[in-house]
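The structure's right below; bear with me while I get my questions together.
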Amino acid sequence: MVKILILGGTYEASELAKKAASLTNIRVKVSLAGRTSQAVASNNLRIGGFGGVTGLIEYLKSEKIDLLIDATHPFAAKISENAATAADNLGLPRLMLIRAEWKSVIDDKWIEVENIETVVEILPDFAKRVFLTIGRQEVTAFSQLENIWFLMRTIEKPSSDIVLPKGLLLLERGPFDKDSEKQLLQKHNIDTVVSKNSGGNATYAKIIAARELGVKVVMVKRPILPQGDRVEDVESALLWVKGFES
Ligand code: NAP
């Protein structure tokens with residue numbers, strides 16, 4: 001029996017877990033950071049941090065994991081780095097499943113920046129009404145921009161200690177379609193969309209909507225991720241797993 005640990009928190013990770021679990025001789029365990037409230041730990045699901053790279057190494061050893069798949073979000077750089085270090089340390093095969101990033105096309109008005117801090121710095125130069133779609137964790141940094149109104153969209157309500165910028169919070173989960181995204185941008189007179197370059201289809205409609213309406217997009221580039229085997233879709237990850245099925 002080959003035991004796989006999938007580091008999750010993405011749609012692709014859940015899909016891969018479902019498909020890999022149906023293979024012969026493969027046992028799957030999924031790990032989530034525990035950022036959302038719905039997940040409940042079970043036989044094949046564990047929740048919460050490992051306690052850094054040492055904790056992860058200990059876990060991999062104690063659970064006798066044979067293969068490690070890092071299917072975390074492309075902006076979850078710390079856990080990916082820990083996964084690479086831990087797998088190298090134990091000589092475990094490791095695969096990264098990371099969806100392809102979005103590329104700008106003609107008519108896109110993208111301003112690409114390195115990180116969220118840079119977005120905060122540059123927004124006052126040109127933005128008045130911003131659609132902020134970067135998740136819950138980093139919205140507080142924008143609350144210092146008092147002359148900008150923010151439309152924020154997150155999947156879950158930010159905790160009460162998170163200071164929100166001035167504006168309106170929508171609690172919604174994708175996928176979203178282009179027409180409703182266009183209506184949303186128009187309804188709130190949005191002049192700038194702020195997005196991470198997450199890739200994938202589920203949240204791409206806002207990028208198309210911005211393009212068609214001539215709205216600027218401040219696109220946060222991906223962090224640098226570890227070297228190693230990498231695939232962009234679930235089927236390719238499954239093929240990699242099948243290579244170890246005995
Ligand atoms: P991060 O900065 O890379 O990780 C911070 C710490 O959270 C890690 O050091 C680890 O704690 C713990 N952690 C992260 N992912 C974990 C996992 N799958 N299983 C167990 N522990 C995990 O990660 P993040 O950006 O906070 O993202 C947290 C989770 O949310 C990730 O699983 C990611 O896939 C998902 N997510 C992130 C984003 C985003 O924009 N960052 C968007 C959508 C989903 P220890 O050091 O204690 O092990």
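The values are calculated or read from the model by the stated rules, or taken from the named source; none is laboratory data. In this text the structure is predicted, and so the values were computed from the model without any measurement. Quick reminder, even Gly has a Cβ in these numbers, built from the backbone with ideal geometry, and neighbours come from all protein chains shown. Areas reflect the complete protein model, heavy atoms only, side chains present, ligands, DNA and RNA absent. Shrake-Rupley method; radii C 1.70, N 1.55, O 1.52, S 1.80 Å.
Give me the accessible area of ASP88, 1.4 Å probe, in Å² rounded to the nearest 10.
110
Taking a ≥ b ≥ c as the square roots of the Cα gyration tensor eigenvalues, with a/c under 1.5 meaning rounded and otherwise prolate when a/b beats b/c, else oblate, which class fits region 110-220?
It is rounded, given that a/c, with a ≥ b ≥ c, falls under 1.5.
What part of the accessible area of region 110-220, given as a whole %, is carbon or sulfur when the probe is 1.4 angstrom?
47
Taking 22 Å as R0, compute the FRET efficiency from the Cβ-Cβ separation of LYS166 and ILE122 and round it to 0.05.
Plugging the Cβ-Cβ distance into 1/(1 + (r/R0)^6) gives 0.75.
Each residue of region 28-35 in order: what ³J(HN,Hα) in whole Hz does its phi give by Karplus 6.51 cos²θ - 1.76 cosθ + 1.60, θ = phi - 60°, with x for Gly and Pro?
10, 10, 10, 10, 10, 6, x, 6
Under 5 Å between amide H atoms, partner at least 5 residues away or on a different chain: which partners does LYS216 have, H built in plane at 1.01 Å?
Excluding prolines and chain starts, which carry no amide H, the hits are VAL193.
Report ³J(HN,Hα) in whole Hz for each residue of region 109-114, in order, from the Karplus equation J = 6.51 cos²θ - 1.76 cosθ + 1.60 where θ = phi - 60°; Gly and Pro get x.
Running phi through 6.51 cos²θ - 1.76 cosθ + 1.60 with θ = phi - 60° gives 10, 8, 10, 8, 10, 6 Hz.
Quick check for you: with a 1.4 Å probe and neighbouring chains kept, what is the accessible area per residue of the chain, in Å²? Write down the numbers at each step before the final one.
Working: 12580 Å² over 246 residues.
Value returned for the chain: 51 Å² of accessible area per residue.
Taking amide H positions as placed in the peptide plane 1.01 Å from N, state which residues far from LEU169 in sequence (5 or more) or on other chains have amide H under 5 Å from it.
Those qualifying (amide H under 5 Å, at least 5 residues apart or on another chain) are MET152.
Tell me which residues come under 5 Å, amide H to amide H, from THR72 once H is placed; ignore anything under 5 positions away on its chain.
LEU97
Still on this structure: Given the chain reduced to its alpha-carbon atoms as identical point scatterers, what log10 I(q)/I(0) does the Debye formula return at q = 0.12, 0.13 Å⁻¹?
One equal scatterer on each Cα of the chain leads to -0.75, -0.85.
How far apart, in nm, are two points set 7 Å out from the Cα along the Cα-to-Cβ line at ILE111 and at GLN227?
With each label point 7 Å from Cα toward Cβ, the separation is 3.6 nm.
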